[in-house]
1. Order the peptides B:218-228, A:40-50 from the highest to the lowest mean number of other Cβ atoms within 10 Å of their residues.
2. Which value, in Å², gives the accessible area per residue of the stretch B:86-175 when a 1.4 Å probe is used on the protein heavy atoms?
3. For the stretch A:186-286, which whole-number percentage of the solvent-accessible area (1.4 Å probe, protein heavy atoms only) is attributable to carbon and sulfur atoms?
4. Run the helix sum for chain A: -39,500 (n - 2.57) per DSSP H stretch of 4+ residues, divided by residue count, reported at 222 nm to the nearest 500 deg cm²/dmol.
5. Return the distance in nm (one decimal) between the two label points of a simple spin-label model at B:R157 and A:T176, each offset 7 Å from Cα along Cα→Cβ.
6. Just the number, please: Stokes-Einstein D of the protein assembly as shown in µm²/s, Kirkwood Rh from C-alpha pairs, 20 °C, 1.002 mPa s.
7. Determine one quarter of the surface area of the Cα convex hull of the stretch B:1-105, which equals its mean projected area, and express it in nm² to one decimal.
8. Using a 1.4 Å probe, what is the accessible area per residue for the stretch A:21-259, in Å²?
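The values are calculated or read from the model by the stated rules, or taken from the named source; none is laboratory data. Nothing here was measured: the structure is a model prediction, and the numbers come from that model. Neighbour counts are summed over all protein chains in view; Cβ atoms, including those assigned to glycine, are modelled from backbone coordinates with ideal geometry. Note: accessible area is taken over every heavy atom of the protein model, side chains too, but ligands, DNA and RNA are not part of it. Shrake-Rupley method; radii C 1.70, N 1.55, O 1.52, S 1.80 Å.
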Amino acid sequence: MFYREAGQFKSSYAADQQLFPIRQDRIGVLLLLAIAFLVVPFVAGEYWFSAILIPFLIFSLAALGLNLLTGYAGQLSLGSAAFMAVGAYAAYNFELRVDGLPILFSFALAGLTAAGVGILFGLPSLWIKGFYLAVATLAAQFFIVWCLTKFPWFSNHSSSGVISTQKVTLFGYAFTSPREKYLLVLTIVTVLALAAKNLVRSSTGRAWMAVRDMDVAASVIGIRLMPTKLLAFAVSSFYCGVAGALYAFCYLGSVEPDGFSLDLSFRVLFMIIIGGMGSILGSFLGAAFILLLPIFLDIALPWLAGALGLPFSNATVSHIQILLFGTLIMFFLIVEPHGLARLWQIAKEKLRLWPFPH
Amino acid sequence: MSKTIGDVILDLQNISLRFGGVKALTDISFDVREHEIRAIIGPNGAGKSSMLNVINGVYHPQEGIIIFRGRERKKMEPHQAATQGIARTFQNIALFKGMTVLDNLMTGRITRMKTRFFEHALWWGRAQREELEHRKKVEEVIDFLEIQHIRKTPVSRLPYGLQKRVELGRALAAEPSMLLLDEPMAGMNVEEKQDMCRFILDVNDQLGTTIVLIEHDMGVVMDISDRVVVLDYGKKIGDGVPEEVKNNPEVIKAYLGASH
Ligand SMILES: Nc1ncnc2c1ncn2[C@@H]1O[C@H](COP(=O)(O)OP(=O)(O)OP(=O)(O)O)[C@@H](O)[C@H]1O
Ligand SMILES: [Mg+2]
């Protein structure tokens with residue numbers, strides 16, 4: 001089947017406004033979902049679930065959250081990890097303090113709590129932008145981690161703020177195996193990704209992008225800057241909050257405030273830079289890339305060195321990793337700010353016109 | 001022309017605007033009548049753009065009264081002007097660069113959209129219906145401006161002349177009752193100018209939209225406007241129908257003295 005738009009004439013605006021207007025995209029996404037839900041659970045092993053697939057989905061969700069804020073609404077944030085921390089600790093506390101609360105409610109409430117905190121730390125965006133805003137979100141990053149360490153109430157008085165998450169149960173059903181957790185995470189991420197896709201193709205998304213591209217023109221057109229920016233912070237933090245809750249409950253099982261450091265925020269930021277700012281797909285591509293590259297290098301580099309007969313140490317692997325990341329991030333920032341998603345799109349455009357390039 | 005010019009809908013009285021020590025506007029009064037094309041002309045730096053910015057709330061004058069549709073206006077924000085039916089284009093194109101032509105125009109309808117973000121997230125009944133309804137309206141504007149072929153093109157890839165047209169489209173998509181145009185024909189070639197003139201006249205004629213127009217091309221101004229106000233160094237030096245203004249000695253002096 002060729003990938004092309006030609007010949008697919010839309011007879012109504014409704015058809016043109018579908019989630020994925022091009023048939024091949026639609027089929028591709030459905031196929032991917034079918035594989036993720038129906039095939040992967042039966043073929044993947046435990047290692048794949050707990051070391052690759054689950055973290056990939058969770059980081060995709062966090063990257064998606066940051067992408068809504070930074071890529072779509074144009075508000076740079078370095079506080080993603082802190083909002084994940086809020087989500088993780090909020091879910092823990094809801095489970096702890098409300099008896100028998102179904103886990104999905106805890107996750108949703110965790111997201112809402114993070115959204116509230118996000119709005120609070122989004123307030124500076126009403127007066128400052130760009131670099132200065134990034135510094136303000138940095139304050140959020142340090143303040144939140146400090147709070148979670150400083151006040152023992154948040155971690156139910158455990159030492160140094162470490163929390164061990166409760167069982168993941170929903171209406172009496174316990175999600176214990178990595179496969180079950182994978183399916184739970186996959187479901188949540190799918191639903192939230194679809195919601196994000198809907199948001200960005202509606203007037204909410206257009207308002208965000210308008211504010212990003214030209215805020216004076218946006219307000220002249222009738223967009224109220226304050227609610228629009230704060231909504232972006234709220235929704236973004238909601239996504240990061242849910243990601244944080246999943247990170248604690250379905251991936252690590254036990255977390256401490258320092259685990260949500262600035263490092264983690266930067267990781268999420270790199271994901272959207274490499275994956276593509278202002279692209280839902282890019283959030284997933286970026287997460288996959290950043291998570292998989294180290295694994296790939298771990299395997300490939302020693303093998304390559306062996307084949308070439310060069311001496312090799314583990315330190316070299318990590319050095320090469322850092323070098324490669326740095327180079328790639330600079331490449332994408334300078335050459336292709338729309339990241340892998342844009343490269344993918346260019347490839348599709350080429351394919352669409354093939355064999356008659358113009 | 002078949003149109004009938006109505007009552008005064010915008011009355012500016014003794015407007016003064018300063019930026020620090022710079023007096024952009026000094027004690028300016030003029031009015032705009034319903035359905036008319038009102039031009040603002042003047043040499044570079046005369047304060048024309050500032051005047052538009054005062055009208056739609058981007059700048060707040062230190063002195064003066066603005067009466068819009070019979071009501072004295074308090075200090076207000078641009079988005080409030082938009083909800084009152086005032087739309088505009090900018091001297092330096094201010095499109096949303098990362099978005100397609102279609103999305104830029106759809107954004108123009110934002111004040112008319114009622115659904116909220118949680119409905120958007122679910123994309124259920126009402127949100128979807130609303131999107132369709134507004135899409136239809138936007139397609140009318142697209143047809144009117146003859147830009148069907150670039151609907152899905154990101155605006156940053158368009159040539160200058162088309163970008164100007166798209167920006168007009170975004171303003172028209174709002175179905176404004178008053179349209180402020182800041183040099184809509186600057187930098188265009190003759191054909192593009194003619195097209196733009198035609199669009200402006202059609203909008204004014206068919207939809208009855210009141211238009212306040214800043215333009216440097218005197219031929220165009222004298223041709224299409226009903227009344228002209230002339231600014232120089234932030235002061236008003238002439239006001240009246242094109243014939244009057246053309247023969248106003250002060251205006252002639254300002255233009256001969258100006259370097260362009
Ligand atoms: N935001 C601002 N801050 C400071 N000064 C300003 C600002 N906007 C306008 N001015 C000043 O006000 C004066 C009038 O500027 P304005 O842009 O209104 O002129 P104009 O008539 O539109 O000129 P042009 O034909 O060049 O567009 C100029 O001296 C300008 O420098
Ligand atoms: Mg100007």
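1. My ranking of the peptides, most packed first, is B:218-228, A:40-50.
2. On a per-residue basis, the stretch B:86-175 sits at 42 Å².
3. Using a 1.4 Å probe with all protein chains present, the stretch A:186-286 comes out at 63 percent carbon and sulfur.
4. The helix contribution divided over chain A gives -21500 deg cm²/dmol.
5. In this crude label model, B:R157 to A:T176 measures out at 5.5 nm.
6. The Stokes-Einstein estimate is 79 µm²/s.
7. 8.8
8. Per residue, the stretch A:21-259 has an accessible area of 40 Å².
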